[in-house]
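The structure under discussion appears below in the form of structure tokens.
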Amino acid sequence: MKLEYKKEKISVALNTRPCWFLSFIPVTPKAYDKVREENGLGKVAVWESSKMFGKGWVGVDIESGDFKIEGDFTTYTHKGEYKKLREVYQQIMKDHPEANEYYNVYLNDPRDVKEQEQLTKIIFRQR
């Protein structure tokens, strides 16, 4: 699998809420809607820091956000089913073994688009 990466300077302020994950899948998928509602937002991109097992977070980019992500990152935008993200991450880890900080940004709502139209931006960097 050949992935096309981009370099991006990222600067966001996020309002986040905790979310529990099992095998990187949210135990409480309604957390994505809840974080939008809490911030008075409609269908906007949701950021995620998931875990294999345990507590991660979901968040939205909002000017008053208290969790900042800034700096130079490498990105890859995946178009297609979420279930393919495992393969994508395996390739990213192969191509960039030094990467150790990852975020997913869900650019559209899977309830509004076909599986093959789902967009997920994967953002990562090495420290």
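The values are calculated or read from the model by the stated rules, or taken from the named source; none is laboratory data. Since the model is a prediction, treat every value here as computed from it, not as a measurement. So basically every Cβ, Gly included, is an ideal-geometry build from the backbone, and we count neighbours across all protein chains shown.
Listed here are the residues, each with its yes/no results for (1) among the hydrophobic types (A, V, I, L, M, F, W, C); (2) modelled with pLDDT under 95.
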| residue | (1), (2) |
| --- | --- |
| ASP66 | no, yes |
| ILE69 | yes, no |
| THR74 | no, no |
| ARG86 | no, yes |
| ASP95 | no, no |
By residue number, the members of segment 36-74 that are charged (D, E, K, R) and over 14 Å from VAL105 (Cβ atoms) are GLU37, GLU38, LYS51, LYS55, GLU63, ASP66, LYS68, GLU70, ASP72
Among residues of segment 53-73 being of a type in the set (A, V, I, L, M, F, W, C) and within 22 Å of TYR5 (Cβ to Cβ), the residue surrounded by the most Cβ atoms within 10 Å (Cβ to Cβ) is PHE73
Quiz prompt | Test: LYS55 is out of contact with any Asp or Glu (no Cβ under 6 Å at 6 or more places or on another chain), part of a helix (DSSP H, G or I) and either farther than 14 Å from ILE123 by Cβ or not hydrophobic (A, V, I, L, M, F, W, C) (or both) | solution = no
By residue number, the members of segment 105-123 that are surrounded by 12 or more Cβ atoms within 10 Å (Cβ to Cβ), over 14 Å from the mean Cα position of the chain (by Cα) and charged (D, E, K, R) are GLU117
Considering every residue within segment 70-88, establish whether at least one is within 14 Å of the chain's Cα centre (by Cα), in a strand (DSSP E or B) and of a type in the set (Gly, Ala, Ser). no
Of the candidates ALA31, ALA45, the one satisfying the condition of being small (Gly, Ala, Ser) and without any contact (Cβ under 8 Å) to a residue 40 or more places away in the chain is ALA31
When segment 83-100 is checked residue by residue, the ones that are touching a strand residue (DSSP E or B) at 6+ places or on another chain (Cβ under 7 Å) and closer than 19 Å to ALA45 by Cα are LEU85
Being touching a Lys or Arg at 6+ places or on another chain (Cβ under 8 Å) and either surrounded by fewer than 11 Cβ atoms within 10 Å (Cβ to Cβ) or of a type in the set (Ser, Thr, Tyr) (or both) narrows TYR102, TYR76 down to just TYR76
If we keep only residues of segment 1-52 that are outside any loop (DSSP other than H, G, I, E, B) and hydroxyl-bearing (Ser, Thr, Tyr), then the residue surrounded by the fewest Cβ atoms within 10 Å (Cβ to Cβ) is SER11
